[in-house]
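Visitor: One structure is given below, represented as C-alpha cells, and several questions about it will come after.
The values are calculated or read from the model by the stated rules, or taken from the named source; none is laboratory data. Owing to the predicted nature of the structure, the values given are computational and were not obtained by experimental measurement. A quick note on method: Cβ atoms are made from the backbone with ideal geometry, for glycine too, and the neighbour counts reach across all protein chains shown. For accessibility, only protein heavy atoms count, side chains too; no ligands or nucleic acids. Shrake-Rupley method; radii C 1.70, N 1.55, O 1.52, S 1.80 Å.
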Amino acid sequence: MAKKTYTGATLLTTLLERQGIRDLPGIPGGAILPFYDALHTSPIRHILARHEQGAGFIAHGMARVTGRAAACVATSGPGATNLLTAIADARLDSIPLVAITGQVPQSLIGTDAFQEVDTYGLSVPITKHNYLVRDVRDLLTVIPEAFTIAESGRPGPVLIDIPKDVQNAAIEIDDDELPAPGGCRPVPPAPDADIDALARMIASAQRPLIYLGGGIITSGASELAHELARRIAAPAVSTLNALGAIPAGSPHLMGMLGMHGTRATHTLLDECDLLLAIGARFDDRATGKADEFCPHAAIAHIDIDRAEFGKIKRPSLSIEADAADVLGRLLPRLQQNTSRAWLDRATALRDAHPLRHPPREAAPLHPVNLCRFLAETLPSDTIMTTDVGQHQMWVAQAYPFRAPRTLLTSGGLGTMGFGLPAAIGAAFAAPDRRIACVTGDGSLLMNIQELAVLADFNLPVAIIIFNNANLGLVRQQQELFYGRRYEASIFETTPDFAALARAFGIRGHSIAADSADPLAEIAGALALPGPCVINIPITSDEKVFPMVPPGAANRQSIEQATPAAA
Amino acid sequence: MTTTAISQAHILDLRVRNHPGVMSHVTGLFARRAFNLEAILCVPIAGGDESRMLLLVHGTPKLEQIERQLAKLHDVLSVRQRPDLPPDYFERLGGTEK
Ligand SMILES: Cc1ncc(C[n+]2csc(CCOP(=O)(O)OP(=O)(O)O)c2C)c(N)n1
C-alpha cells in the first residue's frame, strides 16, 4: 500500500475525524496554528468560542447530552490555563472530555518562552490522564488511547498537550497503520456471588432506600433503577446529578437528598436499614456530616470505581461493576415485594413536607413557582442547563426532570459560568431539541461572551435569568450564618440584560416586576423561535429552603428563616 | 524520622510505565489527596520501559484508599504492599547521618 505523508496536524484532524468528532469548540493561537490550518480542509466544524472556558463548557454540553467524549482545543499558555476550570469540572462530574492544547516548540520548552506554561504539570491533578506528545508518531497511540480513557470505566477528562514542532513534523504512514478509534471499553461483569449477596441483603431488609447517583445516568441504568424501586417497593432519593434517572412524579422518587433536600429525604435516610448506593460517591453536599449519615443502615455500594468504596462510608457489601450490569442481573433474582408499609411511610413523609412557597396567584415570580411554570411551558423533552447558586437549587428542587440527561449542571465543582456554554453544546449535540438555561445575574456574566456563539449559530437556547441583583447563594449564607453582614454579595449595578442580548444580536426580553401578567409575557418570549434572553426580576431576599448548615448533619436542616436565624 | 513513624510505616511497591510524567502523577496524587509520603525510591526495570517505585507511607487508616487511588493512575501497572521489607529499609538507604 502506498505511504501517505501527513503532518502532525493533518494526522490529528484525521484521527479526530475517525473518532467521530464533528463539532470542535476552541480558540486558535500561535502554538496551535498548524492544527487550525489542517482544520481548514477537514470536515470537522470548528466552533469559535469567545473564551477557552466557554469552549470547554460547550464540549461539556455535548458530552453530557450524548455520553460520548467531546473534544475542545486551545493554544498554549493563556489558552490552556483558561481551559482548566472546564477540565476540573469534568473531573469532578466524571464527564468524558478530550482537551487538546498547543504547546511551544520542544526546543523552547523550559525556556520561559512566549506563552509557555507547564500545561502538563498544571493538568495532572484535574485530569484522569494527560499527555505531552514528544514525537509525531506517538499521536497514533495517544489519540485513540485518550478517547478510550475518557470514556471507559468512570469517565473523565484527558488532556493532550502538543508542541508546535510535533504538529509540523512530517510522517509517512500507510493508511492501514491508522489506529482503530478509541472508545468505551466494557468493564468485567460483577461476580455472580456478589449479585447473590446483594439479592439476599435486599430480601432481608425491612426498609431499603435507593440512593441514586450520577453513575446511573452514565451507565444508562435509569430504567433498571426505576424497575428495582418498583420490584422491592422502595423509595429512592437522588443526588443533583442523578435527577431525571427516576422520573419526577414516580411514586418511588422522594426527591433530592442533601443540603437542599427535603425533610422527608433526611428522615428516610435516618430510618432506612439498607442503603443501596448506586453510582454515588457520598459527596458532602449529599451526606451532610458523614458520621451521622444513614446511621442505622447497612450500606451496599455499587460503583464502577472501587476507590469510592470506603472513601467516606464503609459499605457492608461493595460491588465494583457497571450499574446496568449489576441491576440487569439483580432484578431476575428479586421477588416482587408486596408489602407497601415502608413505601407508604415514605410517601406520607414526602407529602407532609412539600417545598414551601406562596401560591402562584399571589407570587407568580417566586422561584419555585417559576420553575413549575417553566416545566409546564417548555416542551417536555427540553434540556435544561443551570448555572450555580440559588437558581440552580430551585431548579433542582422544583423542576420535574423526567428523563436522564435533561439536566446539565455543574454538580461537583459548582462552576458559575457553566450554564450558557453548556447550553450551546447541548444545542449542537441535540439539534432538534429546545434548550433552556436557568441562570443568575452573577453567573451569567462569568461567560456572557458566549452569547456571540449563540448569535453565530442561531441556536434554540432560551436563557432565563432569575435576577435578584445579588450573589444570591452567598447572600443567603451571610444572612443565615454571618449575621447579615452582606460583604461583597450585593451588586452596586446590574446590566440591562435584555439590551445586552440585543447588543449581541439576540432577542432580549425584560419582564417588569409590576407586569400585570408576567407569566404570559414569559410564555410569549419562549414561544418565539431562536435564541433569547429573558430577564426575570425576583426578590433579593428569597432563600433556598430547606438548608442544612455546612458541616451539620442533614437532620439539622433549617426549614425556614426564623427570627433567631435572621 | 521518628521510631514511631517507622513502626507504623508501610512500603508500597509500584510497577509503573517509565516516562517523564509518571513521577509527578504519583507524587501529585499524594499531595492532592492529603496522603503522607515519607520517602520514595524509583529505579528503571524491564529494559527501561518500566520503573519500580517503592513508597514509604505512614501507617494510616487511608492506606487502602491510597492503594486504590494509585491503582487508578493510567501509568501505574500494579500496586502491592511489601511487608517483607524491613521497616528501616529507607533509613538504611539514606546513609548514616541523622
Ligand atoms: C466561579 C465561581 N466563583 C464563585 C463561586 C461561589 N458562589 C457560589 S453561588 C454564588 C452566587 C451566584 O450568584 P448568581 O449567579 O446570581 O445566582 P443566585 O445565587 O443569585 O441564584 C457564588 C459567588 C462559584 N460557585 N463559582
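Visitor: Confirm whether A:THR347 is in contact (Cβ under 8 Å) with a residue 60 or more places away in the chain, at negative phi, of a type in the set (S, T, N, Q) and open to solvent by 10 Å² or more (accessible area, probe 1.4 Å). Break it down stepwise before answering.
Guide: Numbers: in contact (Cβ under 8 Å) with a residue 60 or more places away in the chain: yes; at negative phi: yes; of a type in the set (S, T, N, Q): yes; open to solvent by 10 Å² or more (accessible area, probe 1.4 Å): yes.
Against the criterion (in contact (Cβ under 8 Å) with a residue 60 or more places away in the chain, at negative phi, of a type in the set (S, T, N, Q) and open to solvent by 10 Å² or more (accessible area, probe 1.4 Å)), A:THR347 qualifies.
Visitor: When you scan segment A:420-447, how many residues do you find that are open to solvent by 10 Å² or more (accessible area, probe 1.4 Å), within 16 Å of the ligand (Cβ to nearest atom) and either touching a Ser or Thr at 6+ places or on another chain (Cβ under 7 Å) or within 13 Å of A:CYS532 (Cα to Cα) (or both)?
Guide: The total comes to 0.
To keep it simple, each residue is scored yes or no on (1) at pLDDT below 95; (2) in contact with a helix residue (DSSP H, G or I) (Cβ under 7 Å, 6 or more places away or on another chain); (3) open to solvent by less than 40 Å² (accessible area, probe 1.4 Å).
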{"site": "A:SER489", "(1), (2), (3)": "no, yes, yes"}
{"site": "A:ASP517", "(1), (2), (3)": "no, no, no"}
{"site": "A:GLY524", "(1), (2), (3)": "no, no, yes"}
{"site": "A:LEU528", "(1), (2), (3)": "no, no, no"}
{"site": "A:PRO531", "(1), (2), (3)": "no, yes, yes"}
{"site": "A:ILE534", "(1), (2), (3)": "no, yes, yes"}
{"site": "A:LYS543", "(1), (2), (3)": "no, yes, yes"}
{"site": "A:ALA553", "(1), (2), (3)": "no, yes, yes"}
{"site": "A:ALA561", "(1), (2), (3)": "yes, no, no"}
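Visitor: Restricting the first residue to segment A:423-442 and requiring it to be part of a loop (DSSP other than H, G, I, E, B), which pairs with a second residue that is within 15 Å of the ligand (Cβ to nearest atom) and of a type in the set (A, V, I, L, M, F, W, C) meet a Cβ separation below 6 Å and a spacing of at least six or different chains?
Guide: Every condition considered, the pairs that remain are A:ASP441/A:ILE465; A:GLY442/A:LEU471.
Visitor: Is segment A:123-143 home to any residue that is more than 23 Å from A:GLY182 (Cα to Cα), among the β-branched types (Val, Ile, Thr), in contact with a strand residue (DSSP E or B) (Cβ under 8 Å, 6 or more places away or on another chain) and within 13 Å of chain B (Cβ to nearest Cβ)?
Guide: Looking for residues that are more than 23 Å from A:GLY182 (Cα to Cα), among the β-branched types (Val, Ile, Thr), in contact with a strand residue (DSSP E or B) (Cβ under 8 Å, 6 or more places away or on another chain) and within 13 Å of chain B (Cβ to nearest Cβ), one finds none in segment A:123-143, hence no.
Visitor: So which residues in segment A:53-92 are open to solvent by 20 Å² or more (accessible area, probe 1.4 Å), more than 13 Å from the chain's Cα centre (by Cα) and either among the acidic types (Asp, Glu) or closer than 23 Å to A:ARG18 by Cα (or both)?
Guide: A:ARG68
Visitor: I would also like to ask the following. Of all the residues that make up segment A:350-365, how many are crowded, with 17+ Cβ neighbours inside 10 Å and in contact with a Leu (Cβ under 9 Å, 6 or more places away or on another chain)? Quick ask: steps written out before the conclusion?
Guide: To start, the set of residues in segment A:350-365 that are crowded, with 17+ Cβ neighbours inside 10 Å comprises A:350, A:353, A:357, A:364-365.
Then drop every residue that is not in contact with a Leu (Cβ under 9 Å, 6 or more places away or on another chain), which leaves A:350, A:364-365.
Counting residues in segment A:350-365 that are crowded, with 17+ Cβ neighbours inside 10 Å and in contact with a Leu (Cβ under 9 Å, 6 or more places away or on another chain) gives 3.
Visitor: Next question, about the same structure. For segment A:205-218, give me each residue that is in contact with a strand residue (DSSP E or B) (Cβ under 9 Å, 6 or more places away or on another chain) and surrounded by 24 or more Cβ atoms within 10 Å (Cβ to Cβ). Reasoning before the result, please.
Guide: Start the filter on segment A:205-218 by keeping residues that are in contact with a strand residue (DSSP E or B) (Cβ under 9 Å, 6 or more places away or on another chain), which leaves A:205-213, A:215-216.
Result: A:PRO208, A:LEU209, A:ILE210, A:TYR211, A:LEU212, A:GLY213, A:GLY215, A:ILE216.
Visitor: Kindly state which strands (runs of 3 or more DSSP E) lie completely within segment A:254-354 and contain at least 1 residues that are within 14 Å of chain B (Cβ to nearest Cβ), touching an Asp or Glu at 6+ places or on another chain (Cβ under 9 Å) and within 23 Å of A:ASP196 (Cβ to Cβ). Spell out how you get there, then give the answer.
Guide: On the way: elements: A:274-278, A:298-303, A:317-320.
Of the strands (runs of 3 or more DSSP E) lying wholly inside segment A:254-354, those with at least 1 residues that are within 14 Å of chain B (Cβ to nearest Cβ), touching an Asp or Glu at 6+ places or on another chain (Cβ under 9 Å) and within 23 Å of A:ASP196 (Cβ to Cβ) span A:298-303, A:317-320.
Visitor: Can I ask one more? Considering only residues of segment A:449-470 that are out of contact with any Gly (no Cβ under 9 Å at 6 or more places or on another chain) and within 16 Å of the ligand (Cβ to nearest atom), which is nearest to A:ALA86 (Cα to Cα)?
Guide: A:ILE464
Visitor: Does any residue in segment A:272-288 that is within 16 Å of A:HIS260 (Cβ to Cβ) come within less than 7 Å, Cβ to Cβ, of a residue that is among the aliphatic types (A, V, I, L, M) and crowded, with 23+ Cβ neighbours inside 10 Å six or more places away or on a different chain, and which pairs are these?
Guide: Within 7 Å, the pairs are A:ALA286/A:LEU257.
Visitor: Does A:ARG356 satisfy the condition of being at pLDDT 95 or above and more than 16 Å from the ligand (Cβ to nearest atom)? Write out each step before concluding.
Guide: On the way: at pLDDT 95 or above: no; more than 16 Å from the ligand (Cβ to nearest atom): yes.
It is false that A:ARG356 is at pLDDT 95 or above and more than 16 Å from the ligand (Cβ to nearest atom).
Visitor: Going through segment A:373-400 one residue at a time, which ones are over 19 Å from A:HIS357 (Cα atoms) and open to solvent by less than 20 Å² (accessible area, probe 1.4 Å)? Walk me through it before giving the result.
Guide: First, the residues of segment A:373-400 that are over 19 Å from A:HIS357 (Cα atoms): A:377-388.
Answer for segment A:373-400, where residues must be over 19 Å from A:HIS357 (Cα atoms) and open to solvent by less than 20 Å² (accessible area, probe 1.4 Å): A:LEU378, A:THR382, A:ILE383, A:MET384, A:THR385, A:THR386, A:ASP387.
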